[in-house]
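The values are calculated or read from the model by the stated rules, or taken from the named source; none is laboratory data. As the structure is a computational prediction, the values presented were derived from the model and not from experiment. A quick note on method: Cβ atoms are made from the backbone with ideal geometry, for glycine too, and the neighbour counts reach across all protein chains shown.
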Amino acid sequence: MSDLTIGPVGSHLRRQTQAFALGLVAIFSFEAVDLFFISRLGDAPLAAVSFTFPITWLIYGIGIGFEAGAASVISRAIGRRDAAMAKRLTTDSVILATGVLGVMGIIGLLTIDPVFDLLGATPELMPMIREYMSVWYWVAPMDACLWTCLASLRARGRADLEAKIITAAALINLVLDPIFIFGLFGFPMLEVMGAALATLVANGIITVFTLWFLAVHLKLFASLKVLLAVMVKSWKHMLSIGLPAVFTNAVIPLSAAIVVAMIASYGVDAVAGFGVAARLEPFALLIFYSMSAVVSPFFGQNFGAAHFDRLFEARRLMTRFCIAYGLTLVLLLGLLARPLTGMFSDSDDIRQVAMHYLWLMSLGYGGHGISMSMNSAFNGMGRPMPAVVVTSCRVLLLFLPLALLGRWLFGLEGIFAAGAICNLLLAGLAWWWLGRHLATHANVGSTPTSQSM
């Protein structure tokens, strides 16, 4: 375990962020690699898989919510030096997350047609969407199990080990993708279904290994022979953060679903272009995602130890970095958007949509990084409601009306510009709110109790 309550704040954040960033490269490569190989099949398969993004993001978002809850309660238990409680919370969180996402996967299998009809998928794309999602939904419970296990490592300051496990999964997926999609080495040619199957097999192998490694080598799990009441108590503590985090992460795919529905009115090529940009965007935001992931355990451990001076310093360092890196992304994507989008499609219409998305959205990426980091800090301290409010405001109060206005005034580009404006406005709210919250606790000398897991 790495103690995040001592040592230089900047060094901790930088080291943990760099380690986790390597893992995020691997995570994002899963779908980027899938999309690259699928694009070799033609524009229709590319568009079909692009229609699935809001749903897969929704499932991922719910899993990330459970992960956030687990990382928060475990890191605070570690900050209080309560190793036994940390093990209990790790075990029970893994069980709950896996079970809930398993049920959601089954519901998803039973509702493929009505859901994607609602999103605007055309009849010619529906067979490919069915093939892809009928396999992908089985990934959901394994992802939930794996990510909750990895959250327990991050809560203990072991983002480096987490990154190695994720990278291994990505490498397996990279090898299996062309084999299953194109039917190499005697395997049948499964096309879009093959991409989903490669993800399923890769995640299955790594999930089994991770469970074994955490149980046998690291001994991070508590006994399964426990009263149901004890397990339910752990679930309540985890869900006090997890449920608001689930809601927060579910709102983001809702925004994506609104975007896809709006873009669908501009044609299949427009949806495909959005799909290309949506798979490139995570790589641009990789450092922001990585930093927000490691901020939660840092704030959790230090809040558990009542080290408020370290939390103020972390807020200041995060803000500086997000502004500087956000401006850098504006310049980089201005230069690189054209060649990057060309890797996925030769169609000028598809590339134009993808480039315009990246150019306009990059103007708000610095704000997006600030919002993510501040929201993660709140979750780490066991205060999830500010993140819920900030994210809900983005979709319901800001993005939807601005997107409708932007589409009316400027067409497709107006929708993208609305997203950038929302990111900038919400960054200011999240930054101010976190500073006010820290000042309140520091002034009263608040010391978290064992009840505030």
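For the stretch 408-419, what are the residues that are touching a residue at least 40 places away in the same chain (Cβ under 8 Å) and surrounded by 19 or more Cβ atoms within 10 Å (Cβ to Cβ)?
Within the stretch 408-419, LEU412, ILE415, PHE416, ALA417, GLY419 qualify.
If you check ALA195 against the conditions, is it over 30 Å from LEU329 (Cβ atoms), part of a helix (DSSP H, G or I) and at pLDDT 80 or above?
Working: over 30 Å from LEU329 (Cβ atoms): no; part of a helix (DSSP H, G or I): yes; at pLDDT 80 or above: yes.
For ALA195, the condition - over 30 Å from LEU329 (Cβ atoms), part of a helix (DSSP H, G or I) and at pLDDT 80 or above - is not met.
Looking at the stretch 364-408 only, could you name the residues that are assigned to a helix (DSSP H, G or I), under 20 Å from MET291 (Cβ atoms) and either more than 19 Å from the chain's Cα centre (by Cα) or modelled with pLDDT under 85 (or both)?
ASN379, GLY380, ALA387, VAL390, THR391, ARG394
From the list ALA121, ALA84, ALA77, exactly one residue is hydrophobic (A, V, I, L, M, F, W, C), part of a helix (DSSP H, G or I), more than 19 Å from LEU150 (Cβ to Cβ) and over 22 Å from the mean Cα position of the chain (by Cα). Which is it? Break it down stepwise before answering.
Numbers: ALA121 fails: part of a helix (DSSP H, G or I); ALA77 fails: more than 19 Å from LEU150 (Cβ to Cβ).
From the options ALA121, ALA84, ALA77, the qualifying one is ALA84.
Could you grab me the full set of residues in the stretch 338-366 that are small (Gly, Ala, Ser) and touching a residue at least 40 places away in the same chain (Cβ under 8 Å)?
Within the stretch 338-366, the first condition is being small (Gly, Ala, Ser), and the residues that meet it are 342, 345, 347, 354, 362, 364, 366.
The answer is SER345, SER347, ALA354, SER362, GLY364, GLY366.
Being more than 16 Å from SER72 (Cβ to Cβ) and of a type in the set (Val, Ile, Thr) is the filter here; which residues of the stretch 213-245 pass it?
Selection gives VAL216, VAL226, VAL230, VAL232.
Pick from GLU281, GLU313: which is within 18 Å of the chain's Cα centre (by Cα) and either modelled with pLDDT of 90 or more or of a type in the set (Asp, Glu) (or both)?
On the way: GLU313 fails: within 18 Å of the chain's Cα centre (by Cα).
One residue alone meets the criteria, GLU281.
Is there any pair with a first residue in the stretch 300-320 that is closer than 17 Å to ILE78 by Cβ and a second that is assigned to a helix (DSSP H, G or I) and polar (S, T, N, Q) whose Cβ atoms are under 7 Å apart and which are 6 or more apart or on different chains, and what are they?
Going by the 7 Å Cβ cut-off, the qualifying pairs are GLY300/SER72; GLY300/SER75; GLN301/SER75; ARG310/ASN302; LEU311/ASN302.
So which residues in the stretch 87-106 are touching a Pro at 6+ places or on another chain (Cβ under 8 Å) and either β-branched (Val, Ile, Thr) or not in a helix (DSSP H, G or I) (or both)?
Taking the stretch 87-106 first, the residues touching a Pro at 6+ places or on another chain (Cβ under 8 Å) are 98-99, 101-102, 105.
THR98, the sole residue that qualifies.
From the residues in the stretch 136-168 that are within 20 Å of SER376 (Cβ to Cβ) and among the basic types (Lys, Arg), which one is modelled with the lowest pLDDT?
The qualifying residue modelled with the lowest pLDDT is ARG158.
I need a count of the residues in the stretch 326-347 that are out of contact with any Asp or Glu (no Cβ under 8 Å at 6 or more places or on another chain) and either among the hydroxyl-bearing types (Ser, Thr, Tyr) or farther than 20 Å from ILE415 by Cβ (or both).
First, pick out the residues of the stretch 326-347 that are out of contact with any Asp or Glu (no Cβ under 8 Å at 6 or more places or on another chain): 326-344, 346.
Next, from what is left, pick out any that are either among the hydroxyl-bearing types (Ser, Thr, Tyr) or farther than 20 Å from ILE415 by Cβ (or both): 326-328, 331-332, 335-336, 338-344, 346.
So the answer is 15.
Let me spell it out: the conditions are (1) in contact with a Lys or Arg (Cβ under 9 Å, 6 or more places away or on another chain); (2) modelled with pLDDT of 90 or more, and PHE344 meets all of them except one. Which number is the exception?
So the condition that PHE344 fails would be (2).
Identify, from the list PHE378, PHE344, the residue that is among the aromatic types (Phe, Trp, Tyr) and either over 25 Å from VAL276 (Cβ atoms) or touching a strand residue (DSSP E or B) at 6+ places or on another chain (Cβ under 6 Å) (or both).
Details: PHE344 fails: either over 25 Å from VAL276 (Cβ atoms) or touching a strand residue (DSSP E or B) at 6+ places or on another chain (Cβ under 6 Å) (or both).
Just one listed residue meets the conditions, PHE378.
In the stretch 341-354, which residues are in a helix (DSSP H, G or I) and either surrounded by fewer than 21 Cβ atoms within 10 Å (Cβ to Cβ) or of a type outside the set (A, V, I, L, M) (or both)? Walk me through how you get there before you give the answer.
Within the stretch 341-354, the subset in a helix (DSSP H, G or I) is 341-342, 348-354.
Within the stretch 341-354, THR341, GLY342, ASP348, ASP349, ARG351, GLN352 meet the criteria.
Which pairs do you get when a residue that is without any contact (Cβ under 8 Å) to a residue 24 or more places away in the chain, found in the stretch 157-179, comes within reach of a residue that is buried (at least 18 other Cβ atoms within 10 Å of the Cβ) and assigned to a helix (DSSP H, G or I), reach meaning Cβ atoms under 8 angstrom, with the pair 6+ apart or on two chains?
Going by the 8 Å Cβ cut-off, the qualifying pairs are LEU161/LEU153; ILE179/GLY194; ILE179/ALA198.
List, please: which pairs have Cβ atoms under 9 Å, are six or more places apart or on different chains, and start with a residue in the stretch 271-291 that is in contact (Cβ under 8 Å) with a residue 12 or more places away in the chain and under 20 Å from GLY414 (Cβ atoms) and end with one that is in a helix (DSSP H, G or I) and among the basic types (Lys, Arg)?
GLY273/ARG351; VAL276/ARG351
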